[in-house]
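Reading through the structure tokens given below for one structure.
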């Protein structure tokens, strides 16, 4: 008899919601999280389309509520990174950085990973200076922070960081890909500057610790100075736990309702907290029916 028949990888909105639904059905699950509870929601400046919050709520505040609810329900979240997953003899075998686990059903809510700039653009040591998330910088004040990208994430990051800093957005193209609502707010914010046609060509760590960035198109190049660089140039599904034979088994395991891919990992460009929560609840309900039938 397994201690936890269901293992959930990822403690973002999707993973936590799956665990919450399972515990309501009397099913024990173990949630594994390599970083921090909440996932990308920790980056969100203001969540306005999640029902129940009339005036909206900040991403970190919503994460706090999710975490408190999970704790009240007695959900176990273990901080460990899943390194490998195999499936044989009707069991998932999950290897983490701490131990080996087994489960009858696996829920993968690992979200997405960021695309990054090519390493050959960087010259110097950039430890603690270049980020793909903004939550490590939310306590920063009085700095100049440069963001590359022009999608929802880039605009949201800019609004979040501009509360206490000067922000520069560099768009390698000329089109804004983010919501017009966010773009309108960016344009009205005096702490944010925007530059189109500014693809980054070189990033240099100066002796004084600041960062010099060359950007532009063709022969025209501009130089920007900043304290931190944040890249927001797109994301892709985080499938680092899946390799080798398991990759080939995934489709069949999903059809057999033994493996559930939920949340941002599964939803492509439809990355919304409400959708992730719905995925988690639905998967929990389906798993409940499966286990009830034996």
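The values are calculated or read from the model by the stated rules, or taken from the named source; none is laboratory data. It should be emphasised that the depicted structure is a prediction, and the values quoted were computed from it without experimental measurement. Note: ideal-geometry Cβ built from the backbone for every residue, glycine included; neighbour counts use all protein chains shown.
Within region 166-190, the set of residues being part of a helix (DSSP H, G or I) and touching a helix residue (DSSP H, G or I) at 6+ places or on another chain (Cβ under 8 Å) comprises 182, 183, 185, 186.
In this structure, residue 212 does not satisfy being in a loop (DSSP other than H, G, I, E, B), free of Cβ contacts under 8 Å to residues at least 40 places away in the same chain, over 25 Å from the mean Cα position of the chain (by Cα) and outside the structural domain of residue 85 (by TED's automatic domain parsing). Listed conditions (1) part of a loop (DSSP other than H, G, I, E, B); (2) in contact with a strand residue (DSSP E or B) (Cβ under 9 Å, 6 or more places away or on another chain) are all met by residue 163, apart from (2).
Please indicate, with yes or no, whether at least one residue in region 83-104 is touching a helix residue (DSSP H, G or I) at 6+ places or on another chain (Cβ under 7 Å) and surrounded by 21 or more Cβ atoms within 10 Å (Cβ to Cβ). Scanning region 83-104, I find at least one residue that is touching a helix residue (DSSP H, G or I) at 6+ places or on another chain (Cβ under 7 Å) and surrounded by 21 or more Cβ atoms within 10 Å (Cβ to Cβ), so the answer is yes.
Condition check ((1) in contact with a helix residue (DSSP H, G or I) (Cβ under 6 Å, 6 or more places away or on another chain); (2) under 27 Å from residue 288 (Cα atoms)) across all residues:
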site	(1), (2)
30	no, yes
38	yes, yes
55	no, no
60	yes, no
74	no, yes
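When residues in region 266-281 are screened for being surrounded by fewer than 23 Cβ atoms within 10 Å (Cβ to Cβ), within 19 Å of residue 251 (Cα to Cα) and either touching a helix residue (DSSP H, G or I) at 6+ places or on another chain (Cβ under 8 Å) or outside the structural domain of residue 37 (by TED's automatic domain parsing) (or both), 2 of them pass. Here residue 249 fulfils each of the conditions (1) part of a loop (DSSP other than H, G, I, E, B); (2) outside the structural domain of residue 143 (by TED's automatic domain parsing); (3) touching a strand residue (DSSP E or B) at 6+ places or on another chain (Cβ under 9 Å) apart from (1).
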